[in-house]
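The values are calculated or read from the model by the stated rules, or taken from the named source; none is laboratory data. Not measured: the values here are computed from a predicted model. Every residue, glycine as well, gets a Cβ built from its backbone with ideal geometry; the counts of neighbours run over all protein chains shown. Please note that ligands, DNA and RNA were not included when accessible areas were found on the heavy atoms of the full protein model with its side chains. Shrake-Rupley method; radii C 1.70, N 1.55, O 1.52, S 1.80 Å.
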Amino acid sequence: MQRLQCSLRSGLGALLLVLIMALLLYPGLKNIAVHLHSAVTGSYISGTHSVVFISCPNEQVGKIIARTIMEKKLAACVNIIPKMFSIYFWDSQITEATEALLVIKTRSSKIHELTEFISPSF
């Protein structure tokens, strides 16, 4: 009888431990399952890709930045939209300028590295 009680206690303890571990690991396991499903089916996972917009003084500067971004593998694609007309406040006055716009398509996981690269450029 004592063995049965001891066996039941250890069985319940093991079950409780498994349940606690499952609850603690659930977010990570769910994330792995979602990524596996995406890899197998080719479906999109919300929040894994981002688009970054950067304005440049002209198309030539945009090309230099875009090429460097691609060489560093910080993006899958960079579109350059030349001759964008901008109106903005500068030194408390409305200013007008022609600029180029970079549209950078990247993984959300690369945003920090991309920001670190771009920030010193300005």
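Between segment 56-73 and segment 74-98, the C-alpha centres lie 14 angstrom from each other. Per residue, segment 26-118 exposes 72 Å² of accessible surface when a 1.4 Å probe is rolled over the protein heavy atoms with every protein chain present. The simple spin-label model puts a point 7 Å past each Cα toward its Cβ; for Thr98 and Leu17 those points are separated by 7.3 nm. Loop-located trypsin sites (Lys or Arg not before Pro) across segment 50-93 with a Cβ neighbour count of 16 or fewer within 10 Å are Lys72, Lys73, with loop assigned by DSSP.
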